Amino acid sequence: MAGWLAAAPSYGPPRMTRSVFIETFGCQMNTADSEQMLGRLGQAGWTPVETPEEADLVVFNTCSVRDHAEGKIRSRLGVLREQKKQRPALKIAIAGCMAQREKDEILRKWPQVDIVVGTDQFARLPELVERVEETGRICATDFGDWEDDRGVHALRTEGVNAWVPVMRGCNYNCTYCVVPFTRGREKSRRPEAVEDEVRSLVAKGFRQVTLLGQTVDAYGKTLGDGSNLACLLRRLHGIEGLLRIRFITSHPKDITDELLDTVAALPKVAKHLHVPAQAGSDRILRLMGRRYGRDEYLRFVERARARMPEVELLSDFIVGFPGETDAEFEETVALMRQVRFGGAYVFTYSVRPGTPAVRLPDDVPEAVKKERCNRLLALQLEHQEEDHRRLHGREVEILVEGASKTDADMLHGRTIGNRNVVFPRQGRDGMVGTLQRVRVTRSTALTLFAD
Ligand code: SAH
Ligand code: SF4
Ligand code: F3S
C-alpha cells in the first residue's frame, strides 16, 4: 500500500497524458516553431508544463545566430543528466538551429540527449518520441519542403498578437550569417494555409498577426504562381475581426514599390518596416555580401517615406565586422543620423563557424566593438527620446495588448508604427484587444506614457 501511495501521491485518476517542457532560445521564428511543436505534441496527447522537473520530455529549441548558445545548453543538460539518473524514462530533445548545425557534436558530447531534431523536421517530434524507445537515439535533420499544414494548429499563449510563419529558410548568403545553413533554402507557405490559420486565430480572439520570414518581403517566389507578400497582405486584410497585420524581417533588395504601395493603402497593415541596413559603408556591405550599397538603402528609405511620411523604420546593425575602420564605422553612425530609425538592434560581430566570413580575420578588438556598439545604441536612444518628446500632447491610436510587463497597474499597447504606449489600468481590462485613442503625456526613449 505504501509503495502504491509513493508512486501515485495524488488520489485523482491515474495520469493518462504525458508532459512536455520546452525552452526557446532564439528569434520569433524559433518561438513559432516551439508553438508548433507544442501544438503537434498536444494533438498526440502531451500537455505543456512549466518546469523541466515535472516533464516526461524536455525540449531545448536552440539558436546559433551569434550568442553562446552552447554554454547555456551545456549547463542545462548537466542538471538534466542528474535527473535522468533518478527518472530514466525522461527524454531529452535538442531542436532548432544549433541542432541543425551541430548534430554530430551534440550526439557525441552529450549522451543524455535522446533526440536531435532539425529546423524542417520538428513537426515529426511526437512520432520521434514514440520511436526513440525502440530505436535508441534519433537524429532527424533533413531539409524538406513546406508540408501541407492546413488544419494543424500551433499552441500559442493567449494574447492579442500571434506569430505566423509564412516563409522558412533564406536564399541570401550574407557572409557572417548561419541562417542559410541552419534553415536551408527559402520556401514559402501556401497563401490558403496562411489564411486558414489567421482566420482560426481571429476566431480564438487574436487581433494582430505578425507574419514571419527571414526575408519575408521575398514571400511567394518559390511558389511559382505569382504569389507575393502584397497579395498575401490584401488577402488577409479582408478578414473580419483582424485589426492589425505586421511582417518581419524584410531585406532591402526585396521591398518592391508594389509592396510599399500596398502597405500604405491598407489601413490594418502596420506602418512599420523592419529592414536591416547592417552597416553604412559600401566596402563593409560588400564584404558582408548584402547585395546593396548605402545609396540603394537610402533610396529604399525615400521610397517608403514618399508613400508613408509617418512610417517607422527599424534596423539591425553589426559593428566590428572584420576590417571595419573607424572611418567606416562613422559611415554607419552617419547613416543612422540621416535616416533616424524608429528603433535599432545593434550587435557586435561574432564569427560563426562555417560561414564565409571566417576567412576574414576577426581583427577589431573586443573593446572597440563594445565601444562602437554603445555609441550607436546611445545615438539611437537619443533619436527615440527626441521623437517621443515630439509626441507629447498628441493623440495616438493603439491596439491594447495587455498588462505592462514592468508594471501590473498599467496596460500597454502599440501604435500603428509599433511604438510602445503605457497607460493606467484601473478597470480598463476590457480594452485589451481593442483599438483606443490615447493622449501622450510623457515619455522615455523606450516608452510613451498616456492618460
Ligand atoms: N533575416 C534577417 C535577420 C537574421 S539574424 C535579415 O536578414 O535581416 C538577425 C540579426 O542578427 C541580423 O540582422 C544581424 O544584424 C545579426 N547577426 C547575424 N549574424 C551575426 C553575426 N555573425 N555577428 C553579429 N550579428 C549577427
Ligand atoms: Fe542571414 Fe542575410 Fe539571410 Fe538575413 S538575409 S537570414 S542576414 S543570410
Ligand atoms: Fe532564429 Fe537563431 Fe535560428 S535567430 S533563425 S533561432 S539561428
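Rule-based calculations on the coordinates, nothing more; no lab input. Given the structure is predicted, the values throughout are model-derived calculations rather than measurements. No Cβ is skipped: glycine too gets one built from the backbone with ideal geometry, and neighbour counts run over all protein chains shown.
Report the full-extension gain for the segment LYS109 to THR325: residue separation times 0.36 nm, less the Cα-Cα distance, to one decimal in nm.
Stretched fully, the LYS109-THR325 segment lengthens by 73.9 nm.
Name the residue farthest towards the positive end of the dipole of the chain from the options LEU285, THR135, VAL58, assuming +1 on Cβ of Lys and Arg, -1 on Cβ of Asp and Glu, about the Cα centre.
Of the candidates, VAL58 comes out farthest on the positive side.
Label-point separation (nm) for THR141 and ALA89, each offset 7 Å from Cα along Cα-to-Cβ?
Placing both labels 7 Å along Cα→Cβ, they lie 3.0 nm apart.
What are the ³J(HN,Hα) couplings of region 208-222, residue after residue, when phi is run through the Karplus curve with 6.51, -1.76, 1.60 and θ = phi - 60°? Round to Hz, x for glycine and proline.
With coefficients 6.51, -1.76 and 1.60, one gets 9, 10, 10, 7, 10, x, 5, 9, 4, 6, 8, 3, x, 3, 7 Hz.
From the backbone phi of region 177-188, what are the Karplus-calculated ³J(HN,Hα) couplings (6.51 cos²θ - 1.76 cosθ + 1.60, θ = phi - 60°) in whole Hz, Gly and Pro given as x?
Each residue of region 177-188 in turn: 9, 8, 3, x, 7, 7, 10, x, 6, 5, 8, 10 Hz.
Can you give me the Rg/Rh ratio for region 19-140, using Cα atoms for both radii and the Kirkwood formula for Rh?
0.92
Using the Cα centre as the reference, give the magnitude of the dipole from point charges on the C-beta atoms of region 317-386 (Lys, Arg: +1; Asp, Glu: -1; all else neutral), rounded to the nearest 20 debye.
Here region 317-386 has a charge dipole of around 260 debye.
Using C-alpha positions alone, give me the convex hull volume of region 333-448 per residue in cubic angstrom.
153 Å³
If the limit is 23 Å between Cα atoms, which of LYS91/LYS187; LYS72/LYS109; LYS187/LYS253 go over it?
LYS91/LYS187
What list of ³J(HN,Hα) values in whole Hz, one per residue of region 416-429 in order, does the Karplus curve 6.51 cos²θ - 1.76 cosθ + 1.60 (θ = phi - 60°) give from phi, with Gly and Pro shown as x?
Those phi angles translate into 5, x, 6, 6, 8, 10, 10, 8, x, 7, 3, x, 9, 4 Hz.
Magnitude of the Cβ-charge dipole of region 395-450, K/R +1 and D/E -1, about the Cα centre, nearest 20 debye?
Result for region 395-450 is approximately 120 debye, rounded to the nearest 20.
Per-residue counts of other Cβ atoms within 10 Å, averaged by peptide: what ranking do you get for 88-100, 24-36, highest first?
Output ranking for 88-100, 24-36: 88-100, 24-36.
So, in nm, how far is label ARG234 from label ARG442 when the simple model puts each one 7 Å beyond its Cα toward the Cβ?
Spacing of the two 7 Å Cα→Cβ label points: 4.8 nm.
Could you state the orientation-averaged shadow area of the convex hull built on the Cα atoms of region 395-450, in nm² to one decimal?
Approximately 3.4 nm², given one-decimal rounding.
Relative contact order for the chain: what is it in percent, counting Cα pairs under 8 Å that are at least 6 residues apart?
Rounded, it is 10 percent for the chain.
Given a Förster radius of 51 Å and the C-beta distance between ARG303 and THR51 as r, what FRET efficiency does 1/(1 + (r/R0)^6) yield to the nearest 0.05?
0.55
Find which of ASN173, SER250, LEU313 sits farthest along the positive direction of the dipole of the chain, computed with +1 on the beta-carbon of Lys and Arg, -1 on that of Asp and Glu, about the Cα centre.
Positive-most Cα among the choices belongs to LEU313.
With just the Cα atoms of the chain, tell me how far they stretch along each of the three principal axes, in Å, largest first.
Sorted from largest, the Cα extents of the chain read 75, 58, 46 Å.
How far, in nm, would the chain grow between GLU397 and GLU371 when pulled straight, counting 0.36 nm per residue and subtracting the alpha carbon separation?
5.6 nm
Might you list the cysteines of the chain that have no disulfide-compatible partner by the rule of another cysteine's Cβ under 4.7 Å?
CYS27, CYS63, CYS97, CYS139, CYS170, CYS231, CYS373
Which whole-number percentage describes the relative contact order of region 19-140, with Cα contacts under 8 Å and a sequence gap of 6 or more?
The value is 25 percent.
Out of the GluC sites (Glu not before Pro) in region 156-228, which ones are loop residues according to DSSP with at most 15 other C-beta atoms within 10 Å?
Here the sparse-neighbourhood loop sites are GLU158.
Roughly how many nanometres apart are two label points built 7 Å out from the Cα toward the Cβ at ASP282 and GLN43?
5.2 nm
Rounded to two decimal places and with Rh computed the Kirkwood way over Cα pairs, what is Rg over Rh for region 161-389?
In region 161-389, Rg relative to Rh is 0.98.
Using the Cα centre of region 330-451 as the reference point, and only Cβ charges (+1 on K/R, -1 on D/E), how large is the resulting charge dipole? Debye, rounded to the nearest 20.
With Lys and Arg at +1 and Asp and Glu at -1, about 180 debye.
For region 61-207, compute the orientation-averaged projected area of the C-alpha convex hull (one quarter of its surface), in nm².
Across all orientations, region 61-207 yields a mean hull projection of 10.5 nm².
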